[in-house]
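Written out below as structure tokens is the structure these notes cover.
The values are calculated or read from the model by the stated rules, or taken from the named source; none is laboratory data. The structure displayed is predicted, hence computed values, not measured ones. All Cβ positions, glycine included, derive from the backbone under ideal geometry; neighbour counts span all protein chains shown.
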């Protein structure tokens with residue numbers, strides 16, 4: 001069975017109060033969504049994350065997969081940074097308060113390559129709840145294909161995984177230049193000495209997020225695995 005159905009009403013879109021934004025944020029939102037000012041407002045950064053401590057924390061508990069564990073803790077870090085949930089819809093700035101998680105699952109078939117998995121209410125889930133729904137979608141992907149369509153896609157939190165590709169740089173395409181949706185992709189894990197690393201590609205819209213916010217996000221992600 002699939003998780004409960006996600007609808008536009010359930011994702012809880014709320015207008016952004018621009019009076020609460022600083023001058024830089026106001027300038028960035030206007031400048032980087034002006035199609036006459038800049039051709040491509042998206043930036044791509046690929047990082048090599050040290051996940052040695054994350055792996056130790058994962059092995060100290062007894063449920064789920066390590067991939068799901070990384071997803072869950074990335075989501076916990078993202079919750080501290082509302083900029084990743086800003087969208088510009090019909091020329092109005094909105095915040096997605098209750099986004100679903102979108103993650104493509106490779107099906108091992110050349111014809112039907114991917115299953116589009118969706119977990120609703122992802123910011124509200126505990127680790128046991130999350131990993132159960134994550135695994136349910138893995139099992140569903142073996143039985144059928146699923147396409148969620150463009151109506152919901154823009155509002156999702158997109159996290160993908162390419163475990164066979166040790167990329168040092170990845171540039172992702174986008175379906176539009178205005179909605180400001182970010183994208184995350186994990187790559188292959190590699191052991192160097194006694195440390196475990198994973199590639200993480202982040203595509204972000206400069207009107208909402210910049211390298212300063214990315215730095216804060218990664219620090220919050222790593223902080224979750226500290227003793």
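Hey, any hits in the range 205-221 for a residue that's without any contact (Cβ under 8 Å) to a residue 24 or more places away in the chain, touching a helix residue (DSSP H, G or I) at 6+ places or on another chain (Cβ under 9 Å) and surrounded by fewer than 21 Cβ atoms within 10 Å (Cβ to Cβ)?
The answer is yes, given that some residue of the range 205-221 is without any contact (Cβ under 8 Å) to a residue 24 or more places away in the chain, touching a helix residue (DSSP H, G or I) at 6+ places or on another chain (Cβ under 9 Å) and surrounded by fewer than 21 Cβ atoms within 10 Å (Cβ to Cβ).
So, in the range 171-194, of the ones that are in contact with a strand residue (DSSP E or B) (Cβ under 6 Å, 6 or more places away or on another chain), over 14 Å from residue 208 (Cβ atoms) and at pLDDT below 90, which residue ends up surrounded by the most Cβ atoms within 10 Å (Cβ to Cβ)?
Ranking the qualifying residues of the range 171-194, first place goes to 172.
Look through the range 97-115, keep the residues that are touching a strand residue (DSSP E or B) at 6+ places or on another chain (Cβ under 6 Å) and at pLDDT 80 or above, and return whichever of them is farthest from residue 18 (Cα to Cα).
105
If a residue has to be in contact with a helix residue (DSSP H, G or I) (Cβ under 9 Å, 6 or more places away or on another chain) and closer than 17 Å to residue 96 by Cα to count, how many in the range 17-31 make the cut?
Result for the range 17-31: 3.
Taking interchain pairs and intrachain pairs at least six residues apart, which have beta carbon atoms under 6 angstrom, with the first residue in the range 87-106 and free of Cβ contacts under 8 Å to residues at least 60 places away in the same chain and the second buried (at least 18 other Cβ atoms within 10 Å of the Cβ) and not in a strand (DSSP E or B)?
Between residues of the range 87-106 that are free of Cβ contacts under 8 Å to residues at least 60 places away in the same chain and residues that are buried (at least 18 other Cβ atoms within 10 Å of the Cβ) and not in a strand (DSSP E or B), the close pairs are 101/122; 102/156; 105/141.
Say we look at the range 126-137 and pick out the residues that are closer than 15 Å to residue 70 by Cβ and in contact with a strand residue (DSSP E or B) (Cβ under 8 Å, 6 or more places away or on another chain); which of these is surrounded by the most Cβ atoms within 10 Å (Cβ to Cβ)?
134
With the condition kept exactly as written, say whether any residue in the range 18-39 is under 24 Å from residue 187 (Cβ atoms), without any contact (Cβ under 8 Å) to a residue 12 or more places away in the chain and either out of contact with any strand residue (DSSP E or B) (no Cβ under 7 Å at 6 or more places or on another chain) or exposed (fewer than 13 other Cβ atoms within 10 Å of the Cβ) (or both).
Among the residues of the range 18-39, not one is under 24 Å from residue 187 (Cβ atoms), without any contact (Cβ under 8 Å) to a residue 12 or more places away in the chain and either out of contact with any strand residue (DSSP E or B) (no Cβ under 7 Å at 6 or more places or on another chain) or exposed (fewer than 13 other Cβ atoms within 10 Å of the Cβ) (or both), which makes the answer no.
So which helices (runs of 4 or more DSSP H) are wholly in the range 1-97 and hold at least 1 residues that are under 30 Å from residue 165 (Cβ atoms)?
52-59, 66-78
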